[in-house]
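The values are calculated or read from the model by the stated rules, or taken from the named source; none is laboratory data. Here the structure is a predicted model, which is why all the values come from computation and not from measurement. Cβ placement follows ideal geometry from the backbone for every residue including glycine, while neighbour counts extend to all protein chains displayed.
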Amino acid sequence: MVSNLSPALPLVKTYADIAGMLINGYYKVGKISFGPYPYTYSYNDLEGSVLRIGATTNTRFSEKLILSGFLSYGFRDERFKYNGAVDYIFSRKPWVQAGISYQHDIGQTGYQFENFVLAQNNVFSASIRNGKVSKRGPFTQNIWNTYVQTDLFSNVRGKLSLAHRTFDPLFNFMYRDNEDKITYKNYEVSEAIAEVQWTPGRRLLESSKINKRIMIGNGNGSPIFTFRYTHGIKGEGGDFNYNKLAFNIYQRPLLGIFGRGEYSLTAGYIPDALPYPLLENHRFNFNTMRFLEFTSDRYVSLSYTQHMDGLITNSIPLLKKLNVRTVAVLNVLEGSLSDQNNEAFIRGRGKLNRSLEGIPYVEAGYGVENIFKILRVDFLHRLTHKQHLNDAGLEPSNFAIRTTLQFRL
């Protein structure tokens, strides 16, 4: 019997490797893992066709040292972009890790902040590099970043980062600093960032087989709390002094026969006058919102998904056989923009008021997930600010279809 199964083992290993690649975006070849594969090819109106190769070392190379990076080339702008990073795991129990990185690439104002993401979604991150990037406030950036993170307690993680970023816009931009009487057409920032994350009810698996931790335990329905403080430093390679406070709660509560919920609640506050690309330009969770349509320096946002599992589809034979599942979505934003920042926004971008003006932004939708085990489709409707005109005087589209990949192996 053993001899009969042996020829199939390479095939089983191949399937396992492919499954691993789909989940984390990398394909392991000896001591090197290549990827993330979704970035390999993209196309946008600024760079044209973009080819990219990336790689990172794995535990076969070292159980402590991690080297990673990428190199890409845009055939329209004829420019290389690149990144290099060195990370080192000093201890696994308690987990102590530090690293330094440098990146030269194109960023997008519409996808800069509000990024409290527990697990990097390489498919989503790669998808936003396609399409009409010119409408998303694109800019060339150089980023130096160094960090150290450690377990303060068994379920409390602390992280301290120092970063220096440049902002060279690829669109018309101007900011007048009324205090210093200086006009900026580009700028630099230096930041110190402190972050604390509390994961009650969960344990973190430290393994020598992988160079990252995995959350385990019976606390999957418990909330995760993250607090982040950012201080901009003027005079140390930075053009502005500022402070940012942000807080996030993420939870996936189990709701019995109704399936499970999933929500992310984020609050942020920026008390200082800044160029609008350094404020919160909401777009991450609002698919019916135009890029750079609304900006806030104080806000609360809620993104909620109800995964109904088999509540509806199990009563429909064909859908039950296909094992698809229904979902419902609600995204809400309450935010405001101070007069000092709204006035600066108008001078730097256009004549329209970018504040929500006391009316929350709301979108709701419904969809189907687990299509072929990997596909999800949502149909989203914009419920407020339906007549908010853009610079060209056009009303927004109040409906959007979102297609995402969810690997449920």
Could you check how many residues of region 283-308 are in a loop (DSSP other than H, G, I, E, B), touching a strand residue (DSSP E or B) at 6+ places or on another chain (Cβ under 6 Å) and crowded, with 23+ Cβ neighbours inside 10 Å? 2
Expected single match for more than 20 Å from Gly69 (Cβ to Cβ) and of a type in the set (Ser, Thr, Tyr) among Ser161, Ser134 is Ser134
Is region 219-236 home to any residue that is under 20 Å from Thr150 (Cβ atoms), at pLDDT below 85 and surrounded by 15 or more Cβ atoms within 10 Å (Cβ to Cβ)? no
Reported set for region 1-48 where residues are at pLDDT 85 or above, β-branched (Val, Ile, Thr) and over 29 Å from Pro138 (Cβ atoms) is Val29, Ile32
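Out of all the residues in region 365-385, which are under 14 Å from Val327 (Cβ atoms) and either part of a loop (DSSP other than H, G, I, E, B) or touching a Phe, Trp or Tyr at 6+ places or on another chain (Cβ under 8 Å) (or both)?
Gly365, Tyr366, Gly367, Asp378, Phe379, Leu380
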Where Ser72 falls short, out of the listed (1) closer than 30 Å to Phe153 by Cβ; (2) polar (S, T, N, Q); (3) surrounded by 15 or more Cβ atoms within 10 Å (Cβ to Cβ): (1)
Out of Leu311, Leu274, report the one residue that is hydrophobic (A, V, I, L, M, F, W, C), part of a loop (DSSP other than H, G, I, E, B) and over 24 Å from Asp339 (Cα atoms). Leu311
So for region 33-45 (the condition being free of Cβ contacts under 8 Å to residues at least 60 places away in the same chain, in a strand (DSSP E or B), loosely packed, with under 15 Cβ neighbours inside 10 Å and not hydroxyl-bearing (Ser, Thr, Tyr)), does at least one residue qualify? no
